[in-house]
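Following: one structure in structure tokens, then a few remarks.
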Amino acid sequence: MIVEVGHYALVLALAIALMQTILPFWGARARDARLMAVARPTALTQFAFVALSYAALTYAHVASDFSLANVVENSNSNMPLVYRISGVWGNHEGSMMLWVLILTLSGAAMAVFSRSIPPRLLADALSMQGLLGAAFLLFILLTSNPFARLSPAPLEGADLNPILQDPGLAIHPPLLYLGYVGFSIVFSLAAAALIGGRIDAAFARFIRPWTLAAWCFLTLGIAMGSYWAYYTLGWGGFWFWDPVENASLLPWLAGTALLHSAAVMEKRDALKIWTIFLAILTFSLSLLGTFLVRSGVLTSVHAFASDPQRGLFILAILVLFIGGSLFLFMLRAPTLSKGGLFAPVSREGALVLNNLLLTASCAAVFVGTLYPLALEAWNGDKISVGAPFFNLTFGPLFAPLLLIMPIGQMLAWKRADLLGAVQRLFFAAACGFIAMAVFFAVQGAPSLAYIGAGVAVYLIIGSFVEVYGRIFPSGLFKSKNAFVRGKGLPLSAWGSAFAHAGLGVTLLGLAATGWGAEKVVAMKAGEAYDVGPYRLEVMGTTSDIGPNYKEAVAHMTIRRGGEVVALLEPSKRFFSTRRMSTSQAGIVTLNFGQIYVSIADQNDNGTIDARLYWKPLVSLIWLGALVMAFGGGLSLSDRRLRVGVARRAAKLPSNAQIAS
Amino acid sequence: MTRKQKRLALIGGALGVLGLAVGMVLFALRDNVVFFYGPTEMAEKQVGPGLRLRIGGLVKAGTLTHLEGKSISFDVTDGNHDVPVAYTGLLPDLFKEGQGVVAEGALDKGGVFRADSILAKHDERYMPREVADALKKQGTWQASSGAPQGKTADGKTASGASQ
């Protein structure tokens, strides 16, 4: 019964989505306030019905209702509760449900928090959001129904793919989707602005909080996915330039560019058309990612099923929205009022350079990801484009950003003094060079490692120079009222400082991978192995039984200078239902570095093949992403961007509308 | 700066970065792309030694031999042609005779494929798409083993990169 309610709620959500698409749009054309006002309640109701439907599916998974095909294929009554809940999105149908749930959540959030947005713009935007919802709901109902029954119902399910039975599954997909789909709000607003034909600086203020929020979630989602791959795949890699990973990096790069160009639009009323274009591009890349991952074009752990019908349907959605929005852009962009020009040496000039480099690196990743697919479709040749390609193209395009980022922060709007900005960064640059020298002396080669680490130190310190200059305008000791100044400083200034510094922290972690140590050994109990500065001793092995697996655990101690600093327990799990084993790497974090051990099955002679790694500072890669997202969060909580405050500004656009 | 100069600076900067990006992409695509062949295609195209390749097929039953250390050798087959492969390093969890495999490396002068990384399927129902396609081309494909293919096929290639 509950399952049928869920299915029915999904159909109702589709009907409401269609209402949400048509009525407000019509209202905006007919200037009928009552029709436009339909947008808000329908957005909320659509979310409520999808949430109800999602809850029903979760109930079926938790209660192990094996009359549902989706539950049978992806669950098992022995599975721990947390995986039964998160396993809902660990399959194709469920993950599309999560996608739509977050899409409608975004629409509902926009309906609730966007009181400052002019009513016609909001009506068109929510109508666009409704159209997105309708397309994906139709996709679920027609090709990927999670509520399909199975008769007769089997007694036991096929279990969730063991690789997905990990806490990472509970965290990574929701965060990533909040990022991906969060950009739909920005997309809808941009499309609405194009339909309405009016774009002013206020538009940047409307999209900025949504862009920031989606960007923060996307950053966290990517970092979490990277860490999950790192600890679960068993060979210590954290980024593989896999098409599925690139699919998440593309909207991140475009979204980062959007964040910065929206700042220019808000402050200087320039780059307007470009900002609209980026808003469309960012969500289009999110859609493209969904297509690549969900259509079965690529094979990976993310591609749950390859049914050609689904691929075609998603392709149709892709063409409709990307093609439609770009067509609209083509029609409207020339009629929009152009923004002013500005001096190359200025804050906005630096932000343009930022945008150029970000979109160029985004394009490089795009080509590397899609070229193999295009080539195969063209002449059947199969190629793989791997890390060397991306290191050669993405690397040089992204690297200049690291150097100019602090300089850009120091430049004033309109007209700036480049020399002065560089001079004020003298301290940061000096620290960078000293760090480089110290790292060279202590750790030595490879050169990319110590140069990268030096740049990272410069970037971290340089990110805070602007904030420092505003708190202590005449030096550390001579400045009065430093505390008051610090308190009065807008949170967004702190936000961008932290976000930039976070990238520096990540860079430091990446650079330090060059100093890692790695060993492959046939481990024997009682023997010890030196990895980096540590000595790993094998105490013995035991076997355990988990809820739905058997486990062989190796027990090891880590010593440094004779003293035991930590214990390590890498293991190998065997899941009987799917007859498949996974490696649980043993990981211990020591001074931001990690000892990482992954083991294989026992050999005939009693030894165990194992990979032992010492990865100095590696945890900084992901901590940096946390710092970036923290910076984004600070910016988001800035007074200027908060919803209640923006309401005051709402008078301006609505006045302007009466005038028009 | 005049308006014209400002505009020129903007356009010049944009074209500069764009040109740089295009140049680098083209350069990198020329040298850093690895082709994927099945054993039959390798025989047809007469691949010379030293060219980096990915090959895919099944590990031929009865050909897997463990040499000293962590070295192994086996044949990759698609039913019509075989390619001998040599590899040193840890193997992925589900590397077995009769199962699908993808190896990356290059042929040596003796016609042995020296692999430096081995990818194997990570789920008994999953096969790398390249392998499935290569097998389909040779007509040795069976949509078999357990659940219907395409319904629940999921999995991730686990990589055993060499040290």
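Every number here is computed from the coordinates shown, using simple stated rules; none is lab data. Note that this is a predicted model, so its numbers are computed, not measured. Don't worry about glycine lacking a Cβ; one is built from the backbone with ideal geometry, like all the others, and counts go over all protein chains shown.
Considering every residue in B:13-23, what mean count of other chain Cβ atoms within 10 Å of its Cβ is obtained?
Details: counts 5, 6, 1, 1, 9, 4, 1, 7, 13, 5, 1.
Shielding by partners across B:13-23 averages 5.
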Query - Share of pairwise Cα separations in the stretch A:162-313, more than 27 Å, in percent - result: 29 percent
Query raised in the report: Assuming a viscosity of 1.306 mPa s and a temperature of 10 °C, what translational diffusion coefficient in µm² per second does Stokes-Einstein assign to the stretch A:368-442, Rh being the Kirkwood radius over Cα pairs?
Result: 98 µm²/s
Query raised in the report: If you rank A:C431, A:C216 by fewest surrounding Cβ atoms within 10 Å, what's the result?
Result: A:C431, A:C216
Query raised in the report: Per the Cauchy relation, a quarter of the hull surface: what is the mean projected area of the convex hull of the alpha carbons in the stretch A:446-553, in nm²?
Result: 13.0 nm²
Report summary line: Rg (one decimal) and Dmax (whole number) from the Cα set of the stretch B:46-97, in Å, equal 11.7, 32
Report summary line: Going through A:K615/B:K109; A:K267/B:K4; A:K487/B:K6 one by one, the pairs whose alpha carbons sit over 32 Å apart turn out to be A:K615/B:K109; A:K487/B:K6
Query raised in the report: Taking every residue in A:380-389, how many Cβ atoms of other protein chains lie within 10 Å of its Cβ, on average?
Result: 6
**Report entry** Size descriptor, Kirkwood hydrodynamic radius, that averages inverse alpha-carbon separations across the stretch A:491-530, Å
**Finding:** 13.6 Å
Report summary line: Checking rank on A:436-447, A:529-540, with mean other Cβ inside 10 Å and highest first, the result is A:529-540, A:436-447
Report task. Read phi for every residue in the stretch A:40-56 and hand back ³J(HN,Hα) as whole Hz from Karplus 6.51 cos²θ - 1.76 cosθ + 1.60, θ = phi - 60°, with x for Gly and Pro. Result -> 5, x, 5, 4, 5, 5, 4, 4, 4, 5, 5, 4, 4, 4, 5, 4, 5
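What is the sum of charges, Lys and Arg at +1 and Asp and Glu at -1, for the other residues whose Cβ falls under 10 Å from the Cβ of B:D82? Show your work: numbers first, answer last.
Working: positive: B:K60; negative: B:D75, B:D78.
That works out to -1.
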Query - Under 5 Å, built H, 5+ apart or other chain: amide partners of B:T63 - result: B:D75
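Can you work out the FRET efficiency for the pair A:A522 and A:N391, with r the C-beta to C-beta distance and R0 = 30 Å, to the nearest 0.05?
Working: r = 33 Å, r/R0 = 1.09.
Once rounded, the FRET efficiency stands at 0.40.
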Report summary line: Correct semi-axes for the stretch A:279-419, from √(5λ) of the alpha-carbon gyration tensor and rounded to whole Å with the largest first, are 36, 22, 12
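Ordered by packing density, taken as the mean number of other Cβ atoms within 10 Å over each peptide's residues, highest first, how do A:370-377, A:400-407 rank? Write down the numbers at each step before the final one.
Details: A:370-377: 14.6, A:400-407: 18.5.
Peptide ranking by packing, descending: A:400-407, A:370-377.
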Query raised in the report: So how do A:E245, A:E563 line up by other beta-carbon neighbours within 10 Å, fewest first?
Result: A:E563, A:E245
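Can you give the mean number of other chain Cβ atoms that lie within 10 Å of the Cβ atoms in peptide B:53-60?
On the way: counts 2, 4, 0, 1, 0, 0, 0, 0.
For peptide B:53-60, the averaged partner shielding equals 1.
What Kirkwood hydrodynamic radius, in Å, does the protein assembly as shown give when the mean of 1/r is taken over all pairs of distinct Cα atoms and then inverted? Write out the running numbers ahead of the final one.
Working: mean 1/r = 0.0348 Å⁻¹.
Averaging 1/r across every pair of different Cα atoms and inverting gives 28.7 Å.
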Query raised in the report: How big is the stretch A:517-615 by Rg and Dmax over its Cα atoms, in Å?
Result: 13.5, 45
Query raised in the report: Going highest first, how would you order A:600-613, A:15-28 by mean Cβ packing within 10 Å?
Result: A:15-28, A:600-613
Report summary line: Listed by chain and number, the residues whose amide H is under 5 Å from that of A:L590, excluding neighbours fewer than 5 places away on the same chain and using placed H, are A:I595
Report summary line: In units of 2.2 N^0.38 Å, the Cα radius of gyration of the stretch A:377-529 is 1.42
Query raised in the report: So who's got an amide H within less than 5 Å of the one on A:V531, skipping anything under 5 residues away but keeping other chains? H placed 1.01 Å off N, in plane.
Result: A:L536
**Report entry** Value at 222 nm in deg cm²/dmol, rounded to 500, when DSSP H runs of n ≥ 4 in chain A each add -39,500 (n - 2.57)
**Finding:** -21500 deg cm²/dmol
**Report entry** In order through the stretch A:350-364: 3J(HN,Hα) via Karplus (6.51 cos²θ - 1.76 cosθ + 1.60), integer Hz, x for Gly, Pro
**Finding:** 5, 5, 5, 4, 3, 5, 4, 5, 5, 6, 5, 5, 4, 5, 4
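Can you give the direction-averaged projected area of the convex hull of the alpha-carbon atoms in the stretch A:316-382, in nm²?
Details: hull surface 28.0 nm².
It is 7.0 nm².
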**Report entry** Phi to ³J(HN,Hα) by Karplus 6.51 cos²θ - 1.76 cosθ + 1.60 over the stretch A:416-425, Hz, x for Gly, Pro
**Finding:** 10, 10, 5, 4, x, 4, 5, 4, 5, 8
Query raised in the report: Extent of the stretch A:1-157 along each principal axis, from alpha carbon coordinates, in Å, largest to smallest?
Result: 58, 27, 22
Report task. Would you order A:W215, A:W622, A:W210 from fewest to most other beta-carbon atoms within 10 Å of each residue's own beta-carbon? Result -> A:W622, A:W210, A:W215
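Provide the three semi-axes, in whole Å and in decreasing order, of the ellipsoid equivalent to the stretch A:429-482 as defined by the square roots of 5 times the Cα gyration tensor eigenvalues. Could you put the intermediate results ahead of the total?
Values: eigenvalues 192, 20, 6 Å².
So the equivalent ellipsoid measures 31, 10, 6 Å along its semi-axes.
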